[in-house]
Amino acid sequence: MNHACFIKYTLFLLMLVYGAQAAAQNDLAQWWAKQMQQPAYRAAWDGLYIYDLSREKEILDVHGGRLLAPASVMKLLTTATAWQLLGPDFRYETRIYAVGTVNARVLNGYLMIAPSGDPTLGSRYFEETAPGLFWQAMTEAIRQQGIDSVAQGVCLLETDFDPNVTPDGWIWEDLGNYYAAPAFDLNWRDNTLYAYFSPGRAPGEPALLRKVEPALPFAVEAWTNQVTTGKAGSGDQVYADRAAYQVQGFLRGTYPMDGTFPVKLMMHYPAVYFLQEMGEHLRAGGVRCSPLPEPCRVALPKESRLLWVHRSPRLEDIIRETNRRSINLFAEGLYKTLAVRMGAHTPHNDAAEVIKSFWRGQGVVLDQARILDGSGLSPANALTPRMIVALLRVMAGMPHAASFRNTLAQAGSSGTLRWFGRGTALAGRVWAKTGSMRDVVSLAGYYHSASGRHYAFAFMLNKADASYTEVMQLYARLLLQLP
């Protein structure tokens, strides 16, 4: 074969390959368009983007530049930025100081807590953060420093965290519930309360609020309870209305006749609960101390001695829990930490400009993105599928790509994807972040197909008249068509 014939033959083969790829992309787009003609999706706003990482080629773009509410897929943006700027080995440090002099094992002054914004302090999600272990280690450290009594109680160090903790865009319907617990500079026990109810004898009868834990004086009386009894098997339908720092709250909805579980609520001010428990555990451990009922704040004193440092789990582990379990508090804590540590002194420690600036340097343009929080709880957040996939492409090319990918839920086995794709070729091959709220179902992450191709994808649907399960099944069917 002469040179001219070889070139023609090569061009012919390339045309066949690219023609087949274009046909495949067109087939996917046509299949999706057909699904969107169903009654449940005709009025929906959709956006899809798939990129073949193995061949560095766009596979599907359906309204990929459309701004849509991402719900918890927003956590991908927060956790990826934290991974890049703080590093997977980063740990929060909560420090305890003695302020004053010690004579005859009496601190003639006060203990000072220096909060770090650690969202895992006392968290139920890690064995090493259990409250009992925290209090035991703290009490032993204080006694080993020669202190058996504290004359003036406990104060908190002033920090750069904004005390106006609730992000813009969060709606009243969510506030008061555990999943809308905002991140403070001092967080405690996942900023969560547990309310225990006794259902009535029949549906419609009042459900009695028996106790709230952790307990504070008048904890039950602080709630106006209008919860009624629901049918057996109806589950937790209790909702709370309560803002940060607000003592009084309102409970509504139904608690099932066969219910034996506690209902999770938001802590209005975690520092109050932390200091109360601290006083109790110090006294039980042999240290006489009476923290004030309301937190006092002090600037860093000149004369202070470090007594003990509590270190959080590694950032990689925090991000894994954040992404797999979709923990809003952890995401909000990371978001505010980024703002404080990167010097963005903005309302509510808004890290939007920190995030946009960093990714701009990585070639990911987020200028049109609407970033109001770190968790995606605000329905006013908006990202495009292309933005999300661009970020995933950068993360896939970094040295610790597999480690970050493995912080995501895995299809058929873990986190919010434990039922997704089970029994299909997707099981064990999709790592992704889900996002759902009223009128929003999103999914974004990675797919390693059986043929060896690696994809990054982002699927977003707003305003569909379909259930979360139905939309997720639709996403699974789309992924299964990729070679």
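Values in this text are rule-based calculations from the coordinates and carry no lab data. Model, not experiment: these values are computed from the prediction. Positions of Cβ are generated from backbone atoms using ideal geometry, with glycine treated the same way; all protein chains shown enter the neighbour counts.
Note on Q38 and V365: the model spin-label points, each 7 Å out from Cα along the C-beta direction, lie 3.5 nm apart.
Computed from Cα atoms, the angle from the helix 74-86 axis to the main principal axis of the chain rounds to 70 degrees.
With Rh defined as the Kirkwood radius, the inverse of the mean 1/r over Cα pairs, the Rg/Rh of segment 345-483 is 0.97. Panel note: the C-alpha atoms of segment 322-372, placed on their principal axes, show extents of 29, 25, 17 Å (largest first). Each 5 Å bin from 0 upward holds the following percent of the Cα-Cα pairs of segment 20-72: 4, 18, 23, 24, 18, 10, 4, 0.
Once the Cα atoms are used to define both axes, helix 3-35 deviates from the longest principal axis of the chain by about 50 degrees. Note: relative contact order over the chain, using C-alpha pairs below 8 Å and six or more positions apart, is 22 percent. Shown is the FRET efficiency for A104 and L306, computed with R0 = 22 Å from the Cβ-Cβ distance and rounded to the nearest 0.05: 0.55.
Give the dimensionless ratio obtained when the Cα radius of gyration of segment 93-311 is divided by 2.2 N^0.38 Å.
Working it through for segment 93-311, the quotient is 1.14.
Exposure proxy ranking for C289, C296, based on other Cβ atoms within 10 angstrom of each Cβ and starting from the fewest, stands as C296, C289. Near S149, the amide H atoms lying under 5 Å from its own belong to L107, R288; only residues 5 or more places off or on other chains count, and H is placed 1.01 Å from N. In the chain, the longest principal axis of the Cα atoms and the axis of helix 468-479 are about 40 degrees apart.
The Cα trace of the chain gives Rg and Dmax of 26.0, 99 Å, the first to one decimal, the second as a whole number.
Distances between placed amide hydrogens fall under 5 Å for G122 paired with R189, all partners being 5 or more residues away or on another chain. Scanning residues 5 or more positions from Y194 or on other chains, those with amide H under 5 Å from its amide H are E213, L265, with H placed 1.01 Å from N in the peptide plane. Shape verdict for segment 90-165, please, from the Cα gyration tensor: rounded (a/c under 1.5), prolate (a/b greater than b/c) or oblate. Note, shape of segment 90-165 comes out oblate. Computed over every Cα-Cα pair of segment 62-132 and binned at 10 Å starting from 0, the pair-distance distribution P(r) comes out as 14, 25, 27, 16, 10, 4, 2, 0 percent. Rounded to 0.05, the FRET efficiency of the E205 and R143 pair, given R0 = 35 Å and the Cβ-Cβ distance, is 0.10. Compared with the alpha-carbon gap, the fully stretched path from W419 to E56 is longer by 127.7 nm at 0.36 nm per residue.
Most simply put, the chain has about 80% antiparallel DSSP beta bridges, counting only bridges with both residues inside it.
With a threshold of 29 Å on the Cα-Cα distance, the over-threshold entries among K57/K356; K34/K356; K433/K463 are K34/K356.
Calculate the FRET efficiency for V247 and E353 from the Cβ-Cβ distance with a Förster distance of 60 Å, rounded to the nearest 0.05. After rounding, the FRET efficiency stands at 0.95. Shown for H63, H348, H400: other C-beta atoms within 10 Å of each C-beta, ranked fewest to most, produce the order H400, H63, H348. Please identify every one of the chymotrypsin sites (Phe, Trp or Tyr not before Pro) in segment 376-449 that sits in a loop by DSSP and has no more than 12 other beta carbons within 10 Å of its own beta carbon. Filter output for segment 376-449: W419.
To make sure I understand, if each residue's beta carbon is the centre and we count other beta carbons within 10 Å, what order do T254, T79, T228 fall in, fewest to most?
On the way: T254 22, T79 27, T228 18.
If I rank by nearby Cβ atoms, fewest first, I get T228, T254, T79.
Our coupling estimate for segment 374-383, obtained by passing each phi through the Karplus curve with A = 6.51, B = -1.76, C = 1.60 and θ = phi - 60°, is x, 9, x, 5, 6, x, 8, 4, 8, 10 Hz, Gly and Pro reported as x. The slack between D236 and R297, meaning 0.36 nm per residue of separation minus the straight C-alpha distance, is 18.2 nm.
Would you give the gap between the C-alpha center of segment 36-64 and the C-alpha center of segment 356-413, rounded to a whole Å? Measuring centre to centre over Cα atoms gives 17 Å.
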